[in-house]
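A short write-up of the structure that comes next.
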Amino acid sequence: MPTTVKVAAGDVTDFPTPALVVNLFQGVTQPAGGTGAVDRALDGAISALIADGEIKGKLGEITMLHTMGRIPAKRVVVAGLGKSGDFDTAAVRRVSGDVARFLRRKGVSEFATIAHGAGIGGLDAGESAQAIAEGTLLGLYKFDTYRSPPQADNGSDPSEGSADKDGISNVTIVERDATNIAALTGGVSVGTLLAESTMLARDLVNHPANVMTPARMAETAREVAEAVGLELDVMDRDRMKAHGMGAFLGVAQGSEEPPKLIVLTYRGDPEHPENNLGLVGKGITFDTGGISLKPAANMEAMKGDMAGGASVIAAMRAIGSLKPRINVTGLIAATENMPGGRAQRPGDVVTAMNGKTIEVINTDAEGRLVLADTMCYARSLGITRMVDVATLTGAMVVTLGKACTGMMGNSAKLAKQLNTAGDRSGERFWELPMLEDYRELIRSDVADMKNSGGRQAGSITAAMLLREFAEDTEWVHLDIAGTSTASSAKGHLVKGATGVPTRTLAQLALNLANGG
Ligand code: BES
Ligand code: MN
Ligand code: ZN
């Protein structure tokens with residue numbers, strides 16, 4: 001059942017609900033604000049637990065009390081916010097996700113919360129509400145499309161508990177200051193939209209590759225285009241051939257599944273076509289490695305090799321709904337990478353749309369090949385500024401793990417703009433150096449470049465190849481090989497697809513529309 005987040009005016013001590021969430025900064029002994037009011041109504045039960053050292057206010061700490069009729073809320077949950085000096089909207093997302101899953105495990109069907117940090121925490125009320133909506137909705141996300149209904153023992157994860165059969169239907173942010181209600185309501189609506197879009201990206205990634213084919217991705221793009229009013233163009237193999245997309249087609253030729261180059265267009269500033277942003281996503285719906293076949297262990301994870309494309313479709317949904325004053329084009333390079341009888345061979349030379357030739361040293365370095373032609377095509381559409389998103393290299397997982405996304409590019413300005421958008425979304429980016437010295441690693445004896453630079457600086461050499469196709473367009477590359485999936489639930493993330501960087505891409509479009 002989908003959860004709704006809403007806002008209500010009133011006093012938390014008067015609000016009837018199965019559970020009321022208040023909070024505490026680490027080191028605070030006398031709670032103030034909403035938590036203080038609840039503490040007084042409970043005859044000091046919270047401050048007593050603090051005095052006994054049972055509540056410390058650490059980030060991630062959750063304590064539940066039964067109110068025994070002293071206030072209309074049946075239970076009170078005290079959520080630790082961590083040190084006040086470290087506090088930001090990321091902490092609100094973290095707390096909101098953790099608390100929502102905690103209460104779902106307890107079998108609670110709805111709960112109320114104060115707006116974390118909107119008072120003493122110093123956050124803007126709208127930002128707090130947006131982070132609560134994002135943290136709660138994304139933290140409660142489940143992908144159970146392929147599970148039988150839970151009456152039978154179907155092997156569902158026992159750690160998720162059995163009390164959550166119907167889940168949480170609604171969450172209310174309760175605010176006594178009437179002047180904050182409009183900001184809170186606005187924040188909830190943006191947060192809900194961004195969370196729903198992110199969940200679309202997660203769904204696309206979590207579906208298995210026998211379902212989420214290039215055609216199915218195009219179908220989803222069509223549904224999104226119709227829902228939020230975008231233009232859609234889906235290019236098939238023949239049209240790609242006519243455009244000279246030899247690099248993309250080289251990858252696609254090993255598969256029976258028809259490739260699709262999906263183009264979604266949002267026109268938010270039609271009078272100024274040069275005011276634009278291109279979002280390019282890698283959409284390999286399954287990466288076997290091709291003839292340079294991957295080992296069997298964990299190969300199933302390669303159903304998620306279209307996570308970049310999924311985040312672009314999802315961000316286009318958000319952008320189409322939020323309607324910023326900028327033109328945004330989303331381009332998704334969707335194909336399988338299979339070792340079929342027609343598959344390309346190591347040593348093959350392919351020619352991309354801009355005429356540059358690539359020696360295919362390793363057919364498993366396929367992402368950069370499909371992106372090369374898609375970036376050329378974006379340029380041919382007049383894109384002046386672009387961000388590509390790709391699960392591009394295993395080396396990226398080794399370098400940065402899952403804490404942040406690797407960023408490379410040719411524009412310090414656009415990189416900074418991404419970091420600014422990331423500060424707002426809580427998704428983080430770390431830039432790697434694009435030094436000229438790395439270019440020689442992809443020098444080929446027979447073509448303009450080769451598609452694999454060997455073991456050294458694997459994420460950077462992949463970006464060096466992409467740079468040849470960005471040419472003079474302002475460009476940033478995001479390697480989400482690590483950050484596209486999570487290994488366990490924490491805050492707004494759950495195990496499986498994360499939907500990264502959907503929210504940042506949408507935020508970037510909003511910021512660019514407002515002048516940077
Ligand atoms: N899709 C993979 C990268 C990947 C690996 C993403 C692990 C997520 C988790 C990509 O197509 C790939 O296979 N890259 C190769 C490149 C190499 C052959 C130059 C890699 O990283 O090993
Ligand atoms: Mn590969
Ligand atoms: Zn791949």
Only residues in region 53-77 that are more than 14 Å from residue 16 (Cα to Cα) count as the first member; pair them with residues that are surrounded by fewer than 17 Cβ atoms within 10 Å (Cβ to Cβ) and of a type in the set (D, E, K, R), Cβ under 9 angstrom, at least 6 apart or cross-chain, and list the lot. 57/83; 58/83; 59/83; 59/86; 60/490; 63/54; 64/106
Scanning region 299-311 for residues that are more than 8 Å from ligand 1 (Cβ to nearest atom) and either on the phi > 0 side of the Ramachandran plot or assigned to a helix (DSSP H, G or I) (or both) gives 299, 300, 303, 307, 308, 309, 310, 311
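Look at region 386-419 and say how many of its residues are under 21 Å from residue 455 (Cα atoms), among the hydrophobic types (A, V, I, L, M, F, W, C) and either within 16 Å of ligand 2 (Cβ to nearest atom) or surrounded by fewer than 18 Cβ atoms within 10 Å (Cβ to Cβ) (or both).
At the first step, the residues of region 386-419 found to be under 21 Å from residue 455 (Cα atoms) are 390-402, 405-409.
Next, from what is left, pick out any that are among the hydrophobic types (A, V, I, L, M, F, W, C): 390, 392, 395-398, 400, 407-408.
Now narrow it down to the ones that are either within 16 Å of ligand 2 (Cβ to nearest atom) or surrounded by fewer than 18 Cβ atoms within 10 Å (Cβ to Cβ) (or both): 390, 392, 395-398.
Residues that pass the stated criteria total 6.
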If the Cβ limit is 7 Å and pairs must be 6+ apart or interchain, which residue in region 89-112 that is in contact (Cβ under 8 Å) with a residue 24 or more places away in the chain pairs with which residue that is among the charged types (D, E, K, R) and crowded, with 22+ Cβ neighbours inside 10 Å? 93/134
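A quick yes/no check of all residues on (1) touching a Gly at 6+ places or on another chain (Cβ under 6 Å); (2) within 13 Å of ligand 1 (Cβ to nearest atom); (3) part of a loop (DSSP other than H, G, I, E, B); (4) not small (Gly, Ala, Ser):
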{"position": "353", "(1), (2), (3), (4)": "yes, no, yes, yes"}
{"position": "370", "(1), (2), (3), (4)": "no, yes, no, yes"}
{"position": "378", "(1), (2), (3), (4)": "yes, no, no, no"}
{"position": "382", "(1), (2), (3), (4)": "no, no, yes, no"}
{"position": "386", "(1), (2), (3), (4)": "yes, no, no, yes"}
{"position": "408", "(1), (2), (3), (4)": "no, no, no, yes"}
{"position": "417", "(1), (2), (3), (4)": "no, no, no, yes"}
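For residue 367, state whether it is more than 15 Å from ligand 2 (Cβ to nearest atom) and either free of Cβ contacts under 8 Å to residues at least 40 places away in the same chain or closer than 20 Å to residue 306 by Cβ (or both).
Numbers: more than 15 Å from ligand 2 (Cβ to nearest atom): no; either free of Cβ contacts under 8 Å to residues at least 40 places away in the same chain or closer than 20 Å to residue 306 by Cβ (or both): yes.
It is false that residue 367 is more than 15 Å from ligand 2 (Cβ to nearest atom) and either free of Cβ contacts under 8 Å to residues at least 40 places away in the same chain or closer than 20 Å to residue 306 by Cβ (or both).
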Can you tell me which residues in region 109-130 are under 15 Å from residue 4 (Cβ atoms) and in contact with a strand residue (DSSP E or B) (Cβ under 8 Å, 6 or more places away or on another chain)? 110, 111, 112, 113, 129
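The rows are residues; the columns are (1) outside any helix (DSSP H, G or I); (2) closer than 27 Å to residue 474 by Cβ; (3) touching a Phe, Trp or Tyr at 6+ places or on another chain (Cβ under 6 Å).
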position	(1), (2), (3)
190	no, yes, no
215	no, no, no
220	no, no, no
225	no, yes, no
241	no, no, no
255	yes, no, no
261	yes, yes, no
All helices (runs of 4 or more DSSP H) inside region 30-118 with 3 or more residues being over 23 Å from residue 141 (Cβ atoms): 33-41, 45-51
From the list 287, 203, which residue is touching a strand residue (DSSP E or B) at 6+ places or on another chain (Cβ under 9 Å) and either surrounded by fewer than 20 Cβ atoms within 10 Å (Cβ to Cβ) or under 25 Å from residue 474 (Cα atoms) (or both)? 203
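Could you list, in sequence order, the residues of region 247-290 that are of a type in the set (S, T, N, Q) and within 14 Å of ligand 1 (Cβ to nearest atom)? Before you say what the answer is, go through the steps one by one.
As a first pass, look at region 247-290 and keep what is of a type in the set (S, T, N, Q): 253, 255, 265, 275-276, 285, 288.
Correct list: 285, 288.
Rule-based calculations on the coordinates, nothing more; no lab input. Please read these numbers as outputs of a predicted model, since none were measured by experiment. Methodologically, a virtual Cβ is constructed for each residue, glycine included, from the backbone with ideal geometry; neighbour enumeration extends over all protein chains shown.
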